[in-house]
Amino acid sequence: MRIGIAGIQTTELAAKSIRETLSDAGFESFYFRNNSKITMADLVIVLGGDRGVRNYFHRALDVDTPVLGISESESNGVLAQIELKDLPSYLNRIKKQDYVIEDVPRIGVKVDGKNTYPVLNDVSVFTSKSATLMEYILRVNDEEVWHDSSDGVIISTPTGSSAYSLSAGGPIIFQASNVFGIISVNSLDITRRPIIVSDNSIIEIDEISSRLHCDVVLDGIDRFKINNKLEATKFTPSARIIRMKADSTAISALANKVKLAEELLSMPPSSKLLLKILEYEGSMTQKELASKTLLPGRTVRLAMKHLMDKGYIKRKVSMQDARQKIYEIAKLD
């Protein structure tokens with residue numbers, strides 16, 4: 001069996017270590033930074049946790065080869081469910097192909113008529129500056145559903161329903177459901193509720209207007225300026241994800257989040273923000289956290305110390321660069 005190894009932020013040293021582990025178990029493997037050798041693999045190991053898997057499928061040219069997501073951290077992921085340190089214990093099952101391949105839906109996105117890359121979690125529209133309202137019309141299969149004024153709108157897959165969508169009041173959606181969720185964020189209409197539509201629907205966010213320009217946000221990563229219309233449809237083919245554990249679903253992720261939320265009601269806002277960033281983005285350095293949250297360096301340091309003292313996050317040496325320390329959410333028992 002030939003195994004490809006991929007990861008946007010993976011160093012040659014980390015890839016070499018994994019290749020040695022695979023070689024000792026009788027696997028042939030290779031590391032690649034693009035898709036030039038992808039069709040030569042029976043499966044692909046993608047490093048970097050859920051974020052690494054999302055990034056991989058944003059750029060993948062060949063998605064027929066199943067992907068096994070690997071995380072450095074001990075956080076339970078939805079897309080990447082295997083911890084790097086536990087990989088050797090799964091190699092015998094991989095050799096016997098004792099796993100399930102799940103077809104995970106993706107959303108195809110058009111911004112003002114131009115295609116972008118498909119998303120695994122969600123696509124959203126927000127104003128370029130927070131606390132600024134936007135107006136838009138939601139249409140599903142050419143039928144107007146509502147004319148809304150809100151902070152923004154999110155279109156989510158079942159996988160993404162336990163991420164940003166959930167934080168905005170959206171429903172948790174079982175992984176095998178053939179639906180998408182649509183969530184208005186802080187609508188002026190207090191009766192506005194999230195809706196569920198078939199994943200075969202054509203979803204349009206049309207006639208977008210605001211005092212400032214608006215952005216389309218793809219999987220919480222890239223932003224594209226939008227002038228008038230977003231179109232979202234089911235993207236074919238789906239992402240093929242290898243499942244080694246039966247409990248790595250949106251429902252188990254929800255259970256962890258509910259437990260965490262109950263414990264964090266009295267936590268300072270800065271600490272809550274850092275936890276949310278680490279939850280969604282995965283392991284990050286202190287510098288990356290400060291850049292992502294726009295918080296002062298001293299505030300970030302104090303918030304991280306508070307979280308580590310309480311056992312919510314932990315610090316470890318980065319496998320990509322031994323000189324750097326990375327922070328990640330500690331596993332909840």
Quick check: anything in the stretch 63-77 crowded, with 20+ Cβ neighbours inside 10 Å, among the polar types (S, T, N, Q), at pLDDT below 95 and closer than 30 Å to Pro194 by Cα? yes
When you go through Gly26, Gly48 one by one, which is the residue that is at pLDDT 60 or above, surrounded by fewer than 16 Cβ atoms within 10 Å (Cβ to Cβ) and at positive phi? Gly26
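Against the condition crowded, with 18+ Cβ neighbours inside 10 Å and under 20 Å from the mean Cα position of the chain (by Cα), how does Val125 come out, does it pass? Even if it seems obvious, please write down each step before you answer.
Values: crowded, with 18+ Cβ neighbours inside 10 Å: yes; under 20 Å from the mean Cα position of the chain (by Cα): yes.
Spelling it out, Val125 is indeed crowded, with 18+ Cβ neighbours inside 10 Å and under 20 Å from the mean Cα position of the chain (by Cα).
For (1) within 19 Å of Asp151 (Cα to Cα); (2) of a type in the set (Gly, Ala, Ser); (3) outside the structural domain of Gly113 (by TED's automatic domain parsing), each residue gets a yes or a no:
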{"residue": "Ser161", "(1), (2), (3)": "yes, yes, no"}
{"residue": "Gly169", "(1), (2), (3)": "yes, yes, no"}
{"residue": "Ile172", "(1), (2), (3)": "no, no, no"}
{"residue": "Ser184", "(1), (2), (3)": "yes, yes, no"}
{"residue": "Thr191", "(1), (2), (3)": "yes, no, no"}
{"residue": "Ile196", "(1), (2), (3)": "no, no, no"}
{"residue": "Asp199", "(1), (2), (3)": "no, no, no"}
{"residue": "Glu207", "(1), (2), (3)": "yes, no, no"}
{"residue": "Leu218", "(1), (2), (3)": "yes, no, no"}
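Specify the residue that is farthest from the chain's Cα centre (by Cα); the eligible residues are those in the stretch 93-105 that are closer than 12 Å to Met1 by Cα and without any contact (Cβ under 8 Å) to a residue 60 or more places away in the chain.
Just the residues of the stretch 93-105 that are closer than 12 Å to Met1 by Cα, to begin with: 94-97.
Going one step further and asking which of them are without any contact (Cβ under 8 Å) to a residue 60 or more places away in the chain, we end up with 96-97.
Working: Lys96: 29, Gln97: 26 Å.
Selected residue: Lys96.
The values are calculated or read from the model by the stated rules, or taken from the named source; none is laboratory data. Note that the structure is a prediction, hence the values are computed from the model and not measured. All Cβ positions, even for glycine, are placed from backbone atoms using ideal geometry, and neighbour counts span all protein chains on display.
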